[in-house]
Amino acid sequence: MEVSRRTFIKTTLIGGAGVTVFGFSLAPVYAQTQGLKIARTTETRSTCPYCSVSCGVIIHTLGDKAKNVIPQVVHVEGDPDHPINRGTLCPKGASLQQDIVNERRLLKPQVRRPGATDWEDISWDNAIDEIARWTKKTRDATFIDKDKNGYTVNRLETIGWIGGCTDTNELNFLAVKSMRSLGVCYFETQARV
Amino acid sequence: MSEWWDKQIQRADYLAPRANGAKELLNFYAHLLRAQRDIYEFLRSRRGWLPSGELECDLPVLLDALPEFLKAIQSHGPESLAAEAHDLSETDTQVMTERLMMYWRNSSDIQFFEKALLQPYLRWVFCGGNPQVSFLKNKETTAESGNRDLICATCLSSWEFRRVVCANCGEERPAKLGYFHSPEFDHVRIEACETCKHYLKGVDLTRAGFAAPIVDEIDAAPLDLWAREHGYTKIELNLVGV
């Protein structure tokens, strides 16, 4: 009988064990297959957010694509096909996985009062209220509408903004719009990529 | 280049006694590799002769190595292969000539004798065939991640290939490409594509630098059965038919 590739594969599946197209018994192989613990990962190409070099990275995500499973990032490595870094990463980039999955990550706002040494938890509502109150008070007291020569400048030099390199485009867009509308000059989003 | 064959043989000899499900496959493959190395040495050591790259011209020389090769398969192959090897040894070489030429024009991964006999000859040639296996290996000295290469199932040459791309259909969307691992085979994984439902195995030499991809691929045969049970088809069967 002529054995086609399709027939062979079909036989293997239906028989559970069967033989290969060249006559090898698959029974012991099949027995080992039954005990395998298989995990699925996905590899996603991305860009390191830390600096303006913009190294390519590959993010490994564990999860079998089931709807009730939250994918988990298990590894981040340099992308060997990326023309900038060719698989290499600096120590910060090499630790990117810990930026994504980290038990020390802050999940709620905190405040350190003037003169205090410790941070204390604060609710989102209270944090937003306090930021709004202090911003208005500071701006009302120190806003500069004209410089010493009488030119209109509309500057606020007593408030600054420091962003983080992992901030998203959307967050940085809002930061620029809101800070510029207040007159903030000392403004840094750390947007490098 | 003989060292290349020796490395594959040593790896097969090392893995075979330690293998679980693939012991028989590896034992045979070690013998097959020895027979192929002998063919390679036979071709290489011929005075004043180099492969022309045109099989039709080179066949008379290659067929001189056929009898020894068939003897090896008769001695160590499974019943069906041994019987076919016996039949071929008693058949006119014209039959094998025609079979080899047919394979050369239109190769198939279920033609054992043609593929196994041509592999040593094709070490001089790049054939452009399907990949058997992929492997990851550091190419930048300061990189921890591995570049991906594919090994041709027919001529055993390797060529560079991008990491997150299906080797069968070129799919690049991450969600369509699945990588399946098992702790039992720490450095071998299934690289599967949801678009074309094909897969090949990948051997990570950054985790196990002493591995030989085409041999370790056979050792991890249980992963193949798992992949088939889950609806994936291998791009190209290897020389034990897995």
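Scanning the stretch A:135-148 for residues that are part of a loop (DSSP other than H, G, I, E, B) and either in contact (Cβ under 8 Å) with a residue 12 or more places away in the chain or in contact with a strand residue (DSSP E or B) (Cβ under 8 Å, 6 or more places away or on another chain) (or both) yields a total of 2.
Listed here are the residues, each with its yes/no results for (1) among the aliphatic types (A, V, I, L, M); (2) assigned by TED's automatic domain parsing to the domain that holds A:C55; (3) outside any helix (DSSP H, G or I).
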position: A:G150; (1), (2), (3): no, no, yes
position: A:V153; (1), (2), (3): yes, no, yes
position: A:E157; (1), (2), (3): no, no, yes
position: A:G160; (1), (2), (3): no, no, yes
position: A:C165; (1), (2), (3): no, no, yes
position: A:L171; (1), (2), (3): yes, no, no
position: A:L174; (1), (2), (3): yes, no, no
position: A:S178; (1), (2), (3): no, no, no
position: A:S181; (1), (2), (3): no, no, no
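Residue count for the stretch A:96-111 satisfying the condition of being more than 22 Å from A:V57 (Cα to Cα) and surrounded by 11 or more Cβ atoms within 10 Å (Cβ to Cβ): 3.
Taking the conditions (1) among the hydrophobic types (A, V, I, L, M, F, W, C); (2) under 20 Å from B:E194 (Cβ atoms); (3) surrounded by 21 or more Cβ atoms within 10 Å (Cβ to Cβ) in turn, A:A39 satisfies each one other than (3). Within the set B:A82, B:A72, the sole residue that is closer than 21 Å to A:S25 by Cα and either charged (D, E, K, R) or more than 14 Å from chain A (Cβ to nearest Cβ) (or both) turns out to be B:A72. Filtered by the rule that a residue be surrounded by fewer than 21 Cβ atoms within 10 Å (Cβ to Cβ) and closer than 23 Å to A:V74 by Cα, the stretch B:190-225 gives B:E194, B:L205, B:T206, B:R207, B:A208, B:G209. Looking only at the stretch B:180-189, count every residue that is within 8 Å of chain A (Cβ to nearest Cβ) and either among the aliphatic types (A, V, I, L, M) or crowded, with 17+ Cβ neighbours inside 10 Å (or both) and tell me the total. The qualifying residues number 4. Being over 19 Å from the mean Cα position of the chain (by Cα) and either surrounded by fewer than 21 Cβ atoms within 10 Å (Cβ to Cβ) or away from chain A (no Cβ under 14 Å) (or both) holds for only one residue in B:R173, B:R163, and it is B:R173.
Residues are listed down the side, and each one gets a yes or a no for (1) assigned to a helix (DSSP H, G or I); (2) in contact with an Asp or Glu (Cβ under 9 Å, 6 or more places away or on another chain); (3) closer than 21 Å to A:C165 by Cβ:
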site	(1), (2), (3)
A:V76	no, yes, yes
A:I84	no, no, yes
A:G93	yes, no, yes
A:L106	no, no, yes
A:A116	no, no, no
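Count of the stretch B:104-117 residues, restricted to those that are assigned to a helix (DSSP H, G or I) and at pLDDT below 95, is 2.
Taken as a whole, the structure places B:K234 among residues that are charged (D, E, K, R), within 13 Å of chain A (Cβ to nearest Cβ) and buried (at least 16 other Cβ atoms within 10 Å of the Cβ).
The values are calculated or read from the model by the stated rules, or taken from the named source; none is laboratory data. Remember, predicted model here, so these are calculated numbers, not experimental data. Cβ coordinates were reconstructed from backbone atoms using ideal geometry, including for glycine residues, and neighbour counts include every protein chain displayed.
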